[in-house]
Amino acid sequence: MLDESAMPDKDNTPSKCSKQTCNPLAPLPPLGMDAGAISFDFRRYFAHTLGRDDHCTSSHYPYKALALAIRDRLIERWKKTRSTYEERDCKRTFYLSLEFLMGRTLSNAILNLDVSDEVSQAFIDLGINLDEIQESEPDAGLGNGGLGRLAACFLDSCATLQLPVRGYGLRYEYGMFRQHIANGRQIEDPDHWLRDGNPWELERPEYTQRIKFSGRTEYINGTVRWVDTQDVLAVPYDLPVPGYRNGTVNTLRLWKAAATDEFNLKEFNAGSYTESVEAKNDAEHITMVLYPNDASENGKELRLRQQYFLASASLKDVIREWQEHHSDFNDFADKNCFHLNDTHPSISVAELMRQLMDEQGLPWEEAWRITHNTMAYTNHTLLPEALERWPVKLFESLLPRLLDIIYEINAQFLSQVALQWPGDTDRLRRMSIIEEGQEPMVRMAYLAIVSSFSVNGVAALHTELLKQGLFSDFHTFWPERFNNKTNGVTPRRWLAACNPSLRRLIDTTVGNGWISNLSDLEKLIKLADNATFQRKWRKARLQNKQRLAKMVKIDCSVEFDTDALFDVQVKRIHEYKRQLLNILHVIHLYNRIKAGDTADWTKRCILIGGKAAPGYRMAKLIIKLINNVARVVNNDRQVGDLLKIAFLPNYRVTAMEVIAPGTDLSEQISTAGKEASGTGNMKFMMNGAVTIGTLDGANIEILEEVGEANFFLFGLTSEAVEAMRAHYLPNGIIEQDSDLKRVMHLLESGYFNQFEPGIFDPIIESIRNPYDPWMTAADFRAYMDTQEQTAAAFRDEKRWTRMSIINSAKSGRFSTDRTIQEYNRDIWRLAPVPAPSVDEVSE
């Protein structure tokens, strides 16, 4: 037991000093990393900081005490990392993203600090269930789907590779929403993830920035001023991002919106209580909710406010730091890179120009040189409707000075285009940042492309489709500007932390070097046919399936048989991701069972999960259909345990940490040419699931790695999809396919909605619609036939185990360590900065 009267020195004797010799700001001795030291700090925080004792029955307070004890150890390394970057004046990258889907922090921090055994031993000695404490941590509500999770994985890899990269995002008070299901329908509840505070964050009020909105532009004697503005404060909160066992701790800085005046005393004293806090409430709306519904004009304005708030605060912060150590901006572009994660932060282009010209006094040419040489843009979507477009009228009222700058950028850009293609007015119209029409719009993706030195897609096919389709004119003009960086996922969270049973097997077989060099998993290939290793592999995977079955039982009240094929599709609900095609397969299997066609049957448990955007009616109707079909199938005695289906409510990072290790078959069935990359496919593959998928996104590269024998491929290619559009006749396809005809008959007869007549008519109409962009009927037959192949393969235990091993072994290409190394090699060009050891902190 540690002496609670004093922290130990390096020689384990209490630190002593006189008033004359003690420096209260001198570095403290390093904190102990052993079980005793961690236990001591845990108990100190629990008893003294949180004021709890053995009468406390909530797991929240032990979690918070442990988080603070672990955070202390991160802070030692965090401060040293920051000071090292400053001392070396190294080039840095600033990663701007509206989403960072971090998940839980505790288990990841313990793993990366290399104190897993010590923490476990400390809590065994204390007689406290560590799993219960870890389960009490809420998922951070800072993101929605793949975009935010990718950003979180990127930060993990940057820290592991010791690259000086800082993330910038927004500190949302509420996440997107918590989803629950009532009568089969999605119900959205507020996700107040910050209700009990966040023990990992550090508020940094000394770096607060003032952000302008509205007002007007004033030109006086050659100078430009943005005046009569409505200002908001941006208050930063920092989160630590530890690298894997290397002493580096990078920063994710999140901005919270606050009013310049918290409270209007005059209004309050006059009896206007609501009006007295109106300014505070209006300001805080900016960071209140992740992705407000932008179906209304107010929603659109709030979205644009969020995007500008992030850009302006982050750029001001970087310039503030720069000016602390530099007297001019001559080397700014050589030392800084701003990476725009999708189109949301693209307003950063005009804002950096504004700050450099209006606030720092640089001429246009110099400001443009710096802006163009520091901005890099990643596009994440092939859906034109998902590219940010804002009405000029909204810009005029909300960001008038920014609109002036965008007009000038566009004018200079179009003059270059006109020189290249004289008289080609159609091309000028197509490429203009300002889209003309009845309501002129600002095309934010075009602004990012025009202003960035690098533009990348996130999978090989996605990048080619950008170059040939959405951005073909720009690629023709600047072919050297475009490049591909296939996405990845961090193996620390998505295998080492979330799959302990498989991790232990791999560690004892090939060592643990794979955690920071995932390609080491290829050493498993030679064991793929080894009977002993296969048995161990199946045992580890069975433990994971048992965990997943337990979660499904608790959350869905559905019993999953662990001997069955666990067939899983979890992701955002969207028509192009084709959860509808999956449920058509379920209905087809149900038809077969009802017809007695169960010879050589493979028991199958199907899990679907994901959230639909609150305003996306068709996606929400698909959730309703899934749940109605599940209710019928799961309660039909003739079906029994041959087929089960469950919809998992409130799909989130923490749920995926159980789902990915327990999945046998990974459903990646989007319409070819619509999925940019996908990262769920990589998480499943890494944990030994086999993919059934189309030639879309990163599926193509997964197929290249594992080979056709270890991947279930089906469906039209992106070229075939486009070729079919002009003569797509789904009704003819339905008539000619007896299985699809029977599926449609059950849907159209109201079999799954007997007491809700007509509710699924929009879905039926979409399947039969010759203009269906998702080609659901076109891929039905190929999907059914390939699913038969998956069933047969699963019945062959040795074959399926071999496929599972090969998928894990070949997942090295899909580590974000590889992705980040490519970003750094081709775009950022940062030098790794090794962190000094913590012992050096006190020297």
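Accessible area ranking (1.4 Å probe, heavy atoms, ligands and nucleic acids excluded), largest first, for 305, 825, 166: 825, 305, 166. What percent does the relative contact order of the stretch 698-843 come to when contacts are Cα pairs within less than 8 Å and at least six residues apart? Value for the stretch 698-843: 30 percent.
Annotation: for a label point projected 7 angstrom from Cα along Cα→Cβ of residue 731, residues of the stretch 746-766 with backbone N closer than 14 Å are 765-766. Volume of the convex hull of the stretch 717-839 (Cα atoms only), normalised per residue: 276 Å³. Between residue 229 and residue 79, the modelled labels are 3.4 nm apart [label points 7 Å from Cα along Cα→Cβ].
Taken as entire DSSP H runs, the helices of the chain never both span 27 Å or more between Cα atoms along their own long axis and average 1.0 or more on the Kyte-Doolittle scale. Positive end of the dipole of the chain (Cβ unit charges, origin at the Cα centre): among 394, 697, 834, the Cα lying farthest that way belongs to 697.
With all protein chains in place and a 1.4 Å probe, the accessible surface of the chain carries 48 percent carbon and sulfur. With K and R counted +1 and D and E -1, the other residues having a Cβ less than 11 Å from that of residue 331 yield a net charge of -1.
Solvent-accessible surface of the stretch 448-533, averaged per residue with a 1.4 angstrom probe and all protein chains in place: 33 square angstrom.
The separation of the stretch 686-713 from the stretch 67-97, counted between C-alpha centres, amounts to 38 Å.
Rounded to the nearest 20 debye, the dipole size of the chain about its Cα centre is 1580 debye, using +1 on the Cβ of Lys and Arg and -1 on the Cβ of Asp and Glu. The charge dipole of the stretch 288-445, taken about its Cα centre with unit charges on the Cβ of Lys, Arg, Asp and Glu (plus for the first two, minus for the last two), comes to roughly 280 debye.
Computed per residue of the chain from DSSP H runs no shorter than four, each worth -39500 (n - 2.57), the mean residue ellipticity at 222 nm is -13000 deg cm²/dmol. Based on protein heavy atoms only, the stretch 67-209 ends up with 36 Å² per residue of surface accessible to a 1.4 Å probe. When the alpha carbon gyration tensor of the stretch 368-423 is reduced to an equivalent ellipsoid, its three semi-axes come out at 21, 18, 15 angstrom, largest first. With protein chains left intact and a 1.4 Å probe, residues in the stretch 727-767 average 55 Å² of accessible area per residue.
Magnitude of the charge dipole for the stretch 648-735, about its Cα centre and with charges confined to Cβ atoms of Lys, Arg (+1) and Asp, Glu (-1), is about 300 debye. When 616, 172 are compared by accessible area of protein heavy atoms, the largest-first order is 616, 172, using a 1.4 Å probe. Using the Cα gyration tensor of the stretch 73-193, with a ≥ b ≥ c the square roots of its eigenvalues, what is the shape: rounded (a/c below 1.5), prolate (a/b larger than b/c) or oblate (neither)? The shape class here is oblate. Per residue, the convex hull spanned by the alpha carbons of the stretch 316-363 comes to 84 Å³.
Stretching residue 424 away from residue 508 to a fully extended chain increases their span by 23.7 nm, per 0.36 nm per residue minus the current alpha-carbon distance. Note on residue 89 and residue 131: with the Förster distance fixed at 56 Å, the Cβ-Cβ geometry gives a FRET efficiency of about 0.80.
For the peptides 370-376, 764-770, the ranking by mean Cβ contacts within 10 Å, running from highest to lowest, is 370-376, 764-770. Relative contact order for the chain: what percent, with Cα pairs under 8 Å and sequence separation of 6 or more? Averaging sequence separation for qualifying contacts and normalising by length gives 14 percent for the chain.
Which Cα, out of 302, 48, 425, lies furthest along the positive dipole direction of the chain (beta carbon charges, K/R +1, D/E -1)? Sorting the options by dipole projection puts first 48. Extension gain for residue 298 to residue 785 (0.36 nm times residue separation, less C-alpha to C-alpha distance): 170.5 nm. When the surface is traced with a 1.4 Å probe over the full set of protein chains, residue 211 keeps roughly 0 Å² accessible. A simple spin-label model places the labels of residue 326 and residue 483 2.1 nm from each other, with each point 7 Å out along Cα-to-Cβ.
Of all lysines in the structure, those lying under 19 Å Cα to Cα from residue 620, and not within fewer than 8 positions of it along the same chain, are 571, 577, 611. Calculated on C-alpha atoms, the gyration radius of the stretch 190-255 divided by its Kirkwood radius gives an Rg/Rh of 1.21. The stretch between residue 742 and residue 124, if pulled fully straight at 0.36 nm per residue, gains 216.7 nm over its current Cα-Cα span. As a length-normalised measure over Cα pairs under 8 Å and 6 or more apart, the relative contact order of the stretch 118-225 settles at 18 percent. Bridgeable lysines around residue 550 (alpha carbons under 16 Å apart, same-chain partners fewer than 8 residues away excluded): 644. Given R0 = 45 Å, the distance between the Cβ atoms of residue 192 and residue 755 translates into a calculated FRET efficiency of 0.80.
Quarter the surface of the alpha carbon convex hull of the stretch 385-483 and you get the mean projected area, 6.8 square nanometres.
The values are calculated or read from the model by the stated rules, or taken from the named source; none is laboratory data. These numbers come from a predicted model, not from an experiment. FYI the Cβ positions are ideal-geometry reconstructions off the backbone, even for glycines, and counts take in every protein chain you see. Note: accessible area is taken over every heavy atom of the protein model, side chains too, but ligands, DNA and RNA are not part of it. Shrake-Rupley method; radii C 1.70, N 1.55, O 1.52, S 1.80 Å.
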